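Below is one structure, written out as structure tokens; comments come after it.
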Amino acid sequence: MNYTEFRNKLNPFPEFTVQEIRKYFPKFDTRRLVEWQRKGYITKLRNGYYCFTDQTINEQFLFYTANQLCRPSYVSLETALSYYGFIPEGVFQITSCTTLKTQSFKTPYGSFAYRHIKASIYFGYQLIEWSQSVAPTEKSYRFTMASPEKTLIDYLYLNAEVKDTKDIEALRWNRPRILETIDTRKLELFARYIGSPALDQRLTILRSYLNATT
């Protein structure tokens, strides 16, 4: 098996694992991966995860990769706040929620952080489709991201330092954007389902901030 054959089989995948390689090539010698990295054909993302070096690196690819590097997980927190326009700045780390342990990975294309949440509150995410050209056609893929409402819930649930409206103001959240985007009934439903007094208190602080007229 040569590199061209390998490339043709794995090319449809934005990133691929050793396990996926062995689905196509059961006797694959992993020493080839080291050789192809040295030649600049592929890039190692973390142990067992790779992509081709000519892969287009954009926001969608990074979100998709975040899902793949730690499963199960969905993009949320600061990254989703930025994605929805709830905070003014871009973020330099992709943050996600997972039922696994809190952990982080550094890759050649950026850092990925994962915050642990209980399995009972692992919900409220959505599938977002994206596509890229894979000769000779265009392929579609999906990544999971918290809904706008669950993004706010996740942030408030995991950030105990939010104690009053000044803490919200310090984050420079975009009040008009949040108000025009979120479904307040869904926000309340999520909070009621989780049933956390601490979350309820922080949600009250957020309501005060959003309803302020000055």
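Meeting the requirement of 1 or more residues that are touching a Cys at 6+ places or on another chain (Cβ under 8 Å) and not aromatic (Phe, Trp, Tyr), the helices (runs of 4 or more DSSP H) wholly within segment 97-201 are 148-158.
Scanning segment 80-94 for residues that are under 10 Å from Ala146 (Cβ atoms) and surrounded by fewer than 24 Cβ atoms within 10 Å (Cβ to Cβ), which turns out farthest from the chain's Cα centre (by Cα)?
Of all residues in segment 80-94, those under 10 Å from Ala146 (Cβ atoms) come to 80-81, 83-84.
Pick out the ones that are also surrounded by fewer than 24 Cβ atoms within 10 Å (Cβ to Cβ) and you get 83-84.
Details: Tyr83: 10, Tyr84: 13 Å.
That would be Tyr84.
Pairs meeting the criteria (first residue in segment 64-92 and within 13 Å of Asn174 (Cβ to Cβ), second residue exposed (fewer than 15 other Cβ atoms within 10 Å of the Cβ), beta carbons under 6 Å, at least 6 apart or on different chains) are Ser82/Gly90; Pro88/Arg172. With the structure loaded, tell me whether Ser104 is small (Gly, Ala, Ser), surrounded by fewer than 18 Cβ atoms within 10 Å (Cβ to Cβ) and over 18 Å from Asn159 (Cβ atoms) or whether it fails that test. Answer is no for this residue.
Only one residue in Arg46, Arg22 is over 26 Å from the mean Cα position of the chain (by Cα) and not assigned by TED's automatic domain parsing to the domain that holds Tyr157. Which one? One residue alone meets the criteria, Arg22.
The set of residues from segment 75-99 being among the polar types (S, T, N, Q) and in contact with a helix residue (DSSP H, G or I) (Cβ under 9 Å, 6 or more places away or on another chain) comprises Ser76, Thr79, Gln93, Thr95, Ser96, Thr99. What are the pairs with Cβ atoms under 7 angstrom where one residue, in segment 30-53, is within 12 Å of Pro108 (Cα to Cα) and the other, located anywhere, is among the aromatic types (Phe, Trp, Tyr) and in a helix (DSSP H, G or I)? Sequence gap at least six, or different chains. Listed pairs, sorted by first residue: Ile42/Trp36.
Can you spot a residue in segment 147-163 that is among the acidic types (Asp, Glu), surrounded by 14 or more Cβ atoms within 10 Å (Cβ to Cβ) and touching a helix residue (DSSP H, G or I) at 6+ places or on another chain (Cβ under 7 Å)? Working first, answer last.
The first filter runs over segment 147-163 and keeps only residues among the acidic types (Asp, Glu), leaving 149, 154, 161.
Then keep just the ones that are surrounded by 14 or more Cβ atoms within 10 Å (Cβ to Cβ); that gives 149, 154.
Those left that are additionally touching a helix residue (DSSP H, G or I) at 6+ places or on another chain (Cβ under 7 Å): 149, 154.
Yes; the residues of segment 147-163 include at least one that is among the acidic types (Asp, Glu), surrounded by 14 or more Cβ atoms within 10 Å (Cβ to Cβ) and touching a helix residue (DSSP H, G or I) at 6+ places or on another chain (Cβ under 7 Å).
Scanning segment 143-161 for residues that are free of Cβ contacts under 8 Å to residues at least 60 places away in the same chain and under 22 Å from Lys186 (Cβ atoms) gives Ser147, Glu149, Ile153, Leu156, Tyr157, Asn159.
Just to be sure before I move on: is Tyr74 within 21 Å of Glu138 (Cα to Cα), assigned by TED's automatic domain parsing to the domain that holds Trp173 and either within 12 Å of the chain's Cα centre (by Cα) or not in a strand (DSSP E or B) (or both) in the structure I sent? Quick ask: steps written out before the conclusion?
Details: within 21 Å of Glu138 (Cα to Cα): no; assigned by TED's automatic domain parsing to the domain that holds Trp173: yes; either within 12 Å of the chain's Cα centre (by Cα) or not in a strand (DSSP E or B) (or both): yes.
So Tyr74 fails the test.
Any chance segment 49-60 includes a residue that's within 30 Å of Leu206 (Cβ to Cβ) and either surrounded by fewer than 17 Cβ atoms within 10 Å (Cβ to Cβ) or within 14 Å of the chain's Cα centre (by Cα) (or both)? The answer is yes; a qualifying residue exists.
Of all residues in segment 65-87, none are β-branched (Val, Ile, Thr), under 19 Å from Leu152 (Cα atoms) and touching an Asp or Glu at 6+ places or on another chain (Cβ under 6 Å).
Scanning for something aromatic (Phe, Trp, Tyr), more than 14 Å from Thr144 (Cα to Cα), at pLDDT below 95 and surrounded by fewer than 20 Cβ atoms within 10 Å (Cβ to Cβ), does segment 29-45 turn up at least one residue? No, the conditions are met nowhere in segment 29-45.
The values are calculated or read from the model by the stated rules, or taken from the named source; none is laboratory data. What you see is a predicted model; the values in this text were computed from it and never measured. No Cβ is skipped: glycine too gets one built from the backbone with ideal geometry, and neighbour counts run over all protein chains shown.
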